[in-house]
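This report concerns only the one structure given below.
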Amino acid sequence: MSAVAAFFYLFSAVAVASAFMVVVSRNPVYSVLFLILAFVNAAGLFLLMGAEFLAMILVVVYVGAVAVLFLFVVMMLDVDFSELRQGFINYLPVGAMVGIALLVEIVLVVGTWTISPDLIRAPAPGAATAAAISNTEAIGQVLYTRYIYFFQAAGLILLVAMIGAIVLTLRERPGVKRQDIGAQVARTKATAMEVRKVASGAGLEG
Amino acid sequence: MNAPFVMPALGPILPELVLAVGALVLVLIGALRGEKSYGLVNGLAFVVLALAAAALVAQPAGKVLVFGDSFSVDGFARIMKAIALLGSAVALVLSVDYLRRENLTRFEYPILIVLATLGMMMMISANDLIALYLGLELQSLAAYVIAAIHRDNVRSSEAGLKYFVLGALSSGMLLYGSSLVYGFAGTVSFPGIAAALQGQSSLGVILGLVFVSAGLAFKISAVPFHMWTPDVYEGAPTPVAAFFAAAPKVAAMAMTVRIFIVAFPGIVGDWRQIVVFISIASMALGAFAAIGQRNIKRLMAYSSIGHVGFALVGLAAGTAQGVNGVIVYMAIYVVMTLGTFAIILGMRRGDTYVETIDDLAGLSRSQPFMAYAFGAILFSLTGIPPLAGFFAKFYVFAAAIEAKLFALAVIGVVTSVVSAYYYLRIVKIMFFDEPAQSFSPLTPALKTVIAVSTIAIALFWLAPAPLVSAANAAARSLF
């Protein structure tokens, strides 16, 4: 067994096992940590396929941002997960039915899926061969040219998400003292200091 | 080493560019001028929509594909975009007075409407699965936010949350279906999918098509993915419900028509069963479930489900004539819906808005203009000649009969008769019941919208040719 195959089985086994643990572990914090483990192993699988850009993005975005956000939410919100699981048995038959239906569908689809022999004989030329150009560079070449429309559209969607988050959650709270840097900088000696003659033996309060 | 890059011609996407840049400018103005800028931003949003409409009208006829064929500008796209822009602009007109009274004058509202409209135009022009999904998400995300814009109101928040969760589920189904279609066709482009299938369907493609249809049916609120509609229409502020019922429906319907007709033309027999089922189920549910409703917004939600069913009759035909029927139907539907919601927004006593049907009792004596206009709109919604609603139904049923879908047409006519019961019941309540407390006078904006839509509905039979011939040319551009 080659080293690549060995790593493939290692990464996949750990990914599947940790995905399973995400669902079954009792402590939600452990669930999130297992989720991070699953992401890291998926990144390893991408690396084995030669998609190093996707692997790094997966680590940066999912592990670095999304999973940490999950962790914050789980730790800060007091969610009672045992209560959430109470309806589990009631919903199990319906859920199992949907799951089995989807499984059967996937099996049927995979069963009919054949690779045309023409494709195997003459593989389609990719954007560039791996030897000449790294796939980060290949993505960079098309992202702002061929796919500029999708890129900009995704940007607008993120803008809507940002506006939406502000519209729905930002509240101006009255009576909160805020730092006003302009006012602080504009203070002069005259407004900030007061010199008084204090008679000896008498306090300021007179 | 770099691939040669040709600057894409931006002329074909000028209306979309106007909306996108306009929305960004409006965000800046709003952010700099603070909460008090609602009036200014709202006015400028009209200007942006009007400029986009002008750019749309100025486009030369003919079909142009840009951005590597993922954005298609053709006759069909132009007419549907015009209807969507009209729907958004009128929904914005209807909202002004309501938002001021309910103290919801936030400058983000018109901006989100503009961005949602941009999403709709992207959906309408989408010529591949990625462009379709991005347009759909842009429109839906803005819609989720404006459904919950009355954030201190429990029902508005509930409407937004429900819409968001179910919408996310349907997007997931759409994506799953798209991935299957991509896996089996090897391309995301609609004409590419059609070429790859060569009129042969395989199990995987059918399965993908089923999931894509489920996602699309959710967006046009067709049975069995309609459950969100009554709750969202009832919970969301009334002008928001008016917006949801008009423009996004048109865009989602246009997107549905384009994906079925352009991407799967060779396997009409396979998707026709799905469309026929959805259509019959929607018409039947729209007719029967609306009977028991007391809240007029809920009633309009069920009515809109039924109307989507009728429009799908045209799509089920799968012919240019059928698509022509769908375009005419959606255009007339938008006019009727906006008129109805203008009436609902006129149901106001002082500063309180009422929305039960019994509040309309004896309207003919207190406000004859409103009562007669609503009467005309309701007769048109039923489909009674010579009002516009009759022609809308006539064209889709004619296409269905031409395509030999007799059972579908008969069921459509029967459900249309059933729906007459609850439309005419409102007429009876308005004209023959003892008067309830009368409403406050209509604002000029509402009066104008009601008058224009009623006149358009009542006099459509005098000059149906411009709309019908434009729709005909548009429908042929897809084939």
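The values are calculated or read from the model by the stated rules, or taken from the named source; none is laboratory data. Quick caveat: nothing in here was measured; it's all calculated off a predicted structure. A quick note on method: Cβ atoms are made from the backbone with ideal geometry, for glycine too, and the neighbour counts reach across all protein chains shown. What goes into the accessible areas is simple: the full protein's heavy atoms, side chains included, and nothing from ligands, DNA or RNA. Shrake-Rupley method; radii C 1.70, N 1.55, O 1.52, S 1.80 Å.
Side notes on the structure shown:
- Inter-chain Cβ neighbour count for A:143-155, averaged per residue, equals 5 (cutoff 10 Å, partner chain atoms only).
- The range B:273-361, relative contact order in percent, only Cα pairs under 8 angstrom and at least six apart counted: 28
- Estimated purely from DSSP H runs of n ≥ 4, each contributing -39500 (n - 2.57), the mean residue ellipticity at 222 nm for the protein assembly as shown is -23000 deg cm²/dmol once divided by its residues.
- In loop segments of the range B:318-408 as defined by DSSP, the trypsin sites (Lys or Arg not before Pro) with at most 13 further C-beta atoms inside 10 Å of their C-beta are B:404.
- Hull volume in cubic angstrom per residue (convex hull over the Cα atoms of the range B:48-182): 103
- Shielding value for A:167-177 is 2, the average number of Cβ atoms from other chains within 10 Å of each residue's Cβ.
- Reducing the range B:356-373 and the range B:8-84 to their Cα centroids gives an inter-centroid distance of 38 Å.
- Between residue B:273 and residue B:394, the C-beta separation translates, for a Förster distance of 22 Å, into a calculated FRET efficiency of about 0.35.
- Under 16 Å from the residue B:50 label point (7 Å along Cα→beta-carbon), backbone N, the range B:81-120: B:85-94
- Taken as Cα centroids, the range B:292-354 and the range A:165-193 sit 50 Å apart, rounded to the nearest whole angstrom.
- Here, the range B:336-479 yields an orientationally averaged convex hull projection of 10.1 nm² when only Cα atoms define the hull.
- The relative contact order of the range B:323-479, computed from alpha carbon pairs under 8 Å that lie at least 6 residues apart in sequence, is 42 percent.
- Each Lys and Arg adds +1 at its Cβ and each Asp and Glu adds -1 at its Cβ; summed about the Cα centre, the range B:1-132 shows a dipole of about 300 debye.
- Distance in nm between pseudo-label sites at residue B:352 and residue B:440 (7 Å out along the Cβ direction from Cα): 1.3
- Mean sequence separation of contacting Cα pairs (under 8 Å, at least six apart), scaled by the length of chain B, corresponds to a relative contact order of 15 percent.
- Taking 0.36 nm per residue of separation and subtracting the Cα-Cα distance, full extension of the segment from residue B:179 to residue B:372 would add 64.4 nm.
- Between the C-alpha center of the range B:188-213 and that of the range B:242-290 there is a gap of 17 Å.
- Applying 1/(1 + (r/R0)^6) with R0 = 35 Å to the Cβ-Cβ distance of residue B:58 and residue A:170 gives a FRET efficiency near 0.35.
- Between B and A, buried accessible area from a 1.4 angstrom probe totals roughly 3000 Å², ignoring ligands, DNA and RNA.
- Computed over protein heavy atoms with a 1.4 Å probe, the accessible surface of the range B:384-461 works out to 49 Å² per residue.
- A Förster distance of 25 Å, applied to the separation of the beta-carbon atoms of residue A:158 and residue A:29, puts the FRET efficiency at 0.30.
- Based on Cα atoms of the protein assembly as shown, Rg over Rh with Rh as the Kirkwood radius reads 1.03.
- Per residue, the convex hull spanned by the alpha carbons of the range B:161-272 comes to 88 Å³.
- The fraction of Cα-Cα pairs per 10 angstrom bin, counted from 0 for chain B, comes to 4, 21, 32, 27, 12, 3, 0, 0, 0 percent, rounded to whole percents.
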